[in-house]
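Enquirer: Pasting in a structure now, in structure tokens, and then I'll have a few things to ask.
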Amino acid sequence: MKFYIACDHAGFNIKDKVKEIVESLGHEIIDLGTNSNQRVDYPDFAHKLSLEVLKDEGSYGILICGTGIGMSLAANKHKGIRAALCHDAYTAKMARAHNDANVLCFGERVVGLGVAESIIESWCDTSFEGGRHANRVKKIEIE
Ligand code: RB5
């Protein structure tokens, strides 16, 4: 799998560890910043990452802020992005299996490193089930 990752200052402390987890699972990850604890605006990074994911068919995104909420709100403004705010392995699994989510969001201030690792493993291990879920996912978009 190919991932893009971005965070704001409130997700910066965990970003490098998340990159290591993704790489240790055998996946590629491209870092779009931010690269320090200096305050930035999370929508700038959510939009930057969403545009990359949309350009690169089949790729996925990981967005980290304090709660994951702002990142998911901003990313979901892009047609074709299905950003899921995940709190644990179960929500990550269902985001892939039922919602065909292509951007994983979580909060550094909400989940610890161990939970983040289980979220990523679960995301990578799970494929979209299609079937009855495909039409529902299609209905998410408003023309
Ligand atoms: C930054 O303080 C914080 O508001 C941001 O990281 C995020 O949690 C917003 O949803």
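The values are calculated or read from the model by the stated rules, or taken from the named source; none is laboratory data. Predicted model, so just to flag it, every value in this text is computed and none were measured. Positions of Cβ are generated from backbone atoms using ideal geometry, with glycine treated the same way; all protein chains shown enter the neighbour counts. Just the protein is used for accessible areas: all its heavy atoms, side chains included, with ligands, DNA and RNA removed. Shrake-Rupley method; radii C 1.70, N 1.55, O 1.52, S 1.80 Å.
Enquirer: If Pro43 satisfies every condition in (1) open to solvent by 70 Å² or more (accessible area, probe 1.4 Å); (2) within 15 Å of the ligand (Cβ to nearest atom) but one, which is the exception?
Expert: (1)
Enquirer: Of everything in the stretch 53-68 that's open to solvent by 40 Å² or more (accessible area, probe 1.4 Å) and touching a Gly at 6+ places or on another chain (Cβ under 9 Å), which residue is farthest from the ligand (Cβ to nearest atom)?
Expert: The extreme case among them is Leu54.
Enquirer: Tyr90 fails exactly one of the following numbered conditions: (1) open to solvent by 60 Å² or more (accessible area, probe 1.4 Å); (2) among the aromatic types (Phe, Trp, Tyr); (3) not in a helix (DSSP H, G or I). What is the number of that condition?
Expert: If we test Tyr90 against (1) open to solvent by 60 Å² or more (accessible area, probe 1.4 Å); (2) among the aromatic types (Phe, Trp, Tyr); (3) not in a helix (DSSP H, G or I), just (3) comes out false.
Enquirer: Give me the pairs, please: first residue somewhere in the stretch 98-126 and of a type in the set (D, E, K, R), second residue anywhere and away from the ligand (no atom under 14 Å from the Cβ), beta-carbon distance under 6 Å, and either six or more positions apart or on two chains.
Expert: Asp100/Phe128; Asp100/Val137; Glu117/Ile21
Enquirer: How do the pairs read when you match residues in the stretch 22-47 that are of a type in the set (Asp, Glu) with residues anywhere that are open to solvent by 40 Å² or more (accessible area, probe 1.4 Å), using Cβ under 8 Å and keeping only pairs 6 or more apart or on different chains?
Expert: Glu28/Met1; Glu28/Lys2; Asp31/Lys19
Enquirer: In the list Ser72, Ser36, Ser50, which residue meets the criterion of being among the small types (Gly, Ala, Ser) and either touching a helix residue (DSSP H, G or I) at 6+ places or on another chain (Cβ under 6 Å) or more than 15 Å from the ligand (Cβ to nearest atom) (or both)?
Expert: Ser50
Enquirer: Between a residue in the stretch 1-12 that is open to solvent by 10 Å² or more (accessible area, probe 1.4 Å) and any residue that is in a strand (DSSP E or B) and among the aromatic types (Phe, Trp, Tyr), which pairs come within a Cβ distance under 9 Å, given they are 6 or more apart or on different chains?
Expert: Met1/Tyr60; Lys2/Tyr60; Tyr4/Tyr60
Enquirer: I'd like to know if the stretch 101-114 contains one or more residues that are more than 26 Å from Glu20 (Cβ to Cβ), open to solvent by less than 40 Å² (accessible area, probe 1.4 Å) and assigned to a loop (DSSP other than H, G, I, E, B).
Expert: no
Enquirer: Which ones in the stretch 69-81 are open to solvent by less than 60 Å² (accessible area, probe 1.4 Å) and among the β-branched types (Val, Ile, Thr)?
Expert: Within the stretch 69-81, Ile81 is the sole residue that qualifies.
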